[in-house]
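First up is the structure itself, then whatever we jot down about it.
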Amino acid sequence: MSKPASSNAALATRDLKHLWHPCTQMHDHESVPMVPIVRGEGAWLVDADGRRYLDGISSWWTNLFGHTNPRIAAALAEQARTLEHVIFAGFTHAPAIELAEELVRVTPPGLDRVFYADNGSAAIEVALKMSFHYWLNQGHGEKTRFIALSGSYHGETLGALSVSDVALYRKTYAPLLLTPFLAPSPDTYEGEPGESPEQTAKRRLAELRALLERHAHETCAVIVEPLVQCAGGMRMYHPSYLAGLRALCDEFAVHFIADEIAVGFGRTGSLFACEQADVTPDFMCLSKGLTGGFLPLSAVLTTTGVYEAFYAEYSAGKAFLHSHSYTGNPLACRVALETLAIFRDEPVLERNRQLATHLARRLEPLRDHPHVADVRQTGMIAAIELVADKASRRPFPADERRGLRVYLHGLQQGVLLRPLGNVVYFMPPYVVTEAEIDLLVDTAIAGIERAVTG
Ligand SMILES: Cc1ncc(COP(=O)(O)O)c(C=O)c1O
């Protein structure tokens, strides 16, 4: 019997004939279903056979206010009828200008300059190059290295991958990469027994100090994911680390790059994670939630001081050299403005606090589970660390792919969960209801039961 042309099966067959998907061993699709999505609505996705999936991970942490959010969709449609794109060198437009004004207004004080790019990794490239070039323009061409935290993830272009420390992504391409100095992460899960999160942060700052004492003279910047190392397994740390990092960067004359690509825009409970430590980094990278999950766009914010190091007669050759064809795309900027307008018009963070409290309450019983070593949460990000042995925290071997079992169980139940190895996590859109959180958690618990047995 032939498949209806628009069915899941028909679309999946056509997809697998020509497409190559990211973060995927394509061979997996000999047994793992490819899910063709035809529609999104609020926190839900609908497939070609009409099955619905609750998006528990905001489609790779991008969506904030629901799929096809009517307000954002209307703004996008209007902009598409007005100006879809224009070269951003020598030309400008109102959406880019207004978005820059708005970003400067909402980010920590002192970040007054905005450079656009078109995805998260590109923003990291911009920040790394800008930091290096700043020091070069200041007569410090010897500063060519970066410090990153163990377990960090900043994207997968070569520069961004260079400052990432997730073995799965990095190992294969290592011969092509810059080599950063790695500072041990303040990750609370890796803290010493009996140590508080704040004490772990303090100890890790002392180690960072030692690294800076040796290498600050050749280091451009320290790059971190503030409060939550997301792709590295939703590892979380105390805000005092960021305050200490700011002080160390000042003391040793290196930049502080805050990668808020995943944690920005309300994820951690404040609009930006850096606010919880009351710090202003030298560079702040934003993307993902910036457009509410609608379009690719990123922005790097920096200080007037950095900007001025590039500002000179043309002949001085100090201009920043980085360009993408779609820099400052008007559609994406307009959509970002509407996303920020929703934050202004609605009590988003207050509502998120209630949702986060509900999520925490629902996850509490998992702490006693014999295969759960840790349940952690920062705002609208929560994670469950599965282990083979609770007492020793011995992990399940990666090749057992326990997380994949949770994923497959989720799909069967109409819930999109996508564990990172042995870490099952939740990062739902902010329009999720308490009942939907219950569905996420109940599905995850049942999926975990299936995943840890056998
Ligand atoms: C913290 C962080 N930085 C950078 C990136 C890279 O962003 P993109 O996937 O848009 O290149 C990601 C993506 O997950 C991220 O989580």
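The values are calculated or read from the model by the stated rules, or taken from the named source; none is laboratory data. What you see is a predicted model, and the numbers here were worked out from it, not measured in a lab. Counting neighbours? That spans all protein chains shown, and the Cβs are built from the backbone with ideal geometry, glycine included. Side chains included, ligands, DNA and RNA excluded: accessible areas come from the protein's heavy atoms. Shrake-Rupley method; radii C 1.70, N 1.55, O 1.52, S 1.80 Å.
Below are the figures for this structure:
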| item | result |
| --- | --- |
| Ala336, sole failed condition from (1) open to solvent by less than 40 Å² (accessible area, probe 1.4 Å); (2) over 30 Å from Asn137 (Cβ atoms); (3) touching a residue at least 24 places away in the same chain (Cβ under 8 Å) | (2) |
| Pick from the range 107-121, criterion assigned to a strand (DSSP E or B) and hydrophobic (A, V, I, L, M, F, W, C), ranking: farthest from the ligand (Cβ to nearest atom) | Val114 |
| The listed residue being at pLDDT 95 or above, touching a helix residue (DSSP H, G or I) at 6+ places or on another chain (Cβ under 7 Å), open to solvent by 50 Å² or more (accessible area, probe 1.4 Å) and aliphatic (A, V, I, L, M), out of Ala96, Ala74, Ala80 | Ala80 |
| Residues of the range 280-325 satisfying the condition of being aromatic (Phe, Trp, Tyr) and without any contact (Cβ under 8 Å) to a residue 60 or more places away in the chain | Tyr311, Tyr314 |
| Residue in the range 341-351 that is touching a residue at least 60 places away in the same chain (Cβ under 8 Å), within 23 Å of Pro296 (Cα to Cα) and open to solvent by 20 Å² or more (accessible area, probe 1.4 Å) present | yes |
| Flag for Ala332 being within 16 Å of the ligand (Cβ to nearest atom) and either among the aliphatic types (A, V, I, L, M) or not in a loop (DSSP other than H, G, I, E, B) (or both) | yes |
| Residues (within 15 Å of the ligand (Cβ to nearest atom) and part of a loop (DSSP other than H, G, I, E, B)) located in the range 156-196 | Glu156, Thr157, Val163, Ser164, Asp165, Val166, Pro180, Ser185, Asp187 |
| Qualifying positions in the range 274-313 - more than 13 Å from the chain's Cα centre (by Cα), closer than 21 Å to Ser58 by Cβ and assigned to a strand (DSSP E or B) | Ala299 |
| Matching residues in the range 203-215 - criterion: being open to solvent by 10 Å² or more (accessible area, probe 1.4 Å) and either closer than 16 Å to Phe256 by Cβ or not hydrophobic (A, V, I, L, M, F, W, C) (or both) | Arg203, Arg204, Leu205, Glu207, Arg209, Leu211, Glu213, Arg214, His215 |
| The range 11-32 - residue that is β-branched (Val, Ile, Thr) and in a loop (DSSP other than H, G, I, E, B) and, of those, least open to solvent (accessible area, probe 1.4 Å) | Val32 |
| All positions within the range 122-155 that are part of a helix (DSSP H, G or I), in contact with a strand residue (DSSP E or B) (Cβ under 7 Å, 6 or more places away or on another chain) and within 11 Å of the ligand (Cβ to nearest atom) | Ala122, Ala123, Ile124, Ala127 |
| Count - residues of the range 271-288 that are of a type outside the set (A, V, I, L, M) and within 11 Å of the ligand (Cβ to nearest atom) | 3 |
| Considering residues of the range 274-314 that are open to solvent by 20 Å² or more (accessible area, probe 1.4 Å) and hydroxyl-bearing (Ser, Thr, Tyr) only, the residue farthest from Tyr237 (Cα to Cα) | Tyr314 |
| Residue in the range 226-273 that is farthest from His358 (Cα to Cα), counting only those that are open to solvent by less than 10 Å² (accessible area, probe 1.4 Å), in contact with an Asp or Glu (Cβ under 7 Å, 6 or more places away or on another chain) and assigned to a loop (DSSP other than H, G, I, E, B) | Pro226 |
| Single residue of Gly159, Gly110, Gly120, Gly151 found to be open to solvent by less than 20 Å² (accessible area, probe 1.4 Å) and in contact (Cβ under 8 Å) with a residue 40 or more places away in the chain | Gly120 |
| Qualifying residue in the range 254-277 (condition: among the basic types (Lys, Arg) and more than 17 Å from Leu182 (Cα to Cα)) | yes |
| Residues located in the range 197-233, provided they are within 19 Å of Ala383 (Cβ to Cβ) and more than 16 Å from the ligand (Cβ to nearest atom) | Pro197, Thr200, Ala201 |
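Residues are listed down the side, and each one gets a yes or a no for (1) under 25 Å from Pro429 (Cα atoms); (2) touching a strand residue (DSSP E or B) at 6+ places or on another chain (Cβ under 9 Å):
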site	(1), (2)
Glu350	yes, no
Ile381	yes, yes
Ile384	yes, yes
Val387	no, yes
Pro397	no, no
Glu400	no, no
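Quick grid of which residues meet (1) over 22 Å from Glu190 (Cα atoms); (2) open to solvent by 10 Å² or more (accessible area, probe 1.4 Å); (3) in the same structural domain as Tyr53 (by the TED database); (4) within 20 Å of the chain's Cα centre (by Cα):
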{"site": "His358", "(1), (2), (3), (4)": "yes, yes, yes, no"}
{"site": "Thr378", "(1), (2), (3), (4)": "no, yes, yes, yes"}
{"site": "Ile384", "(1), (2), (3), (4)": "no, no, yes, yes"}
{"site": "Gly421", "(1), (2), (3), (4)": "no, yes, yes, yes"}
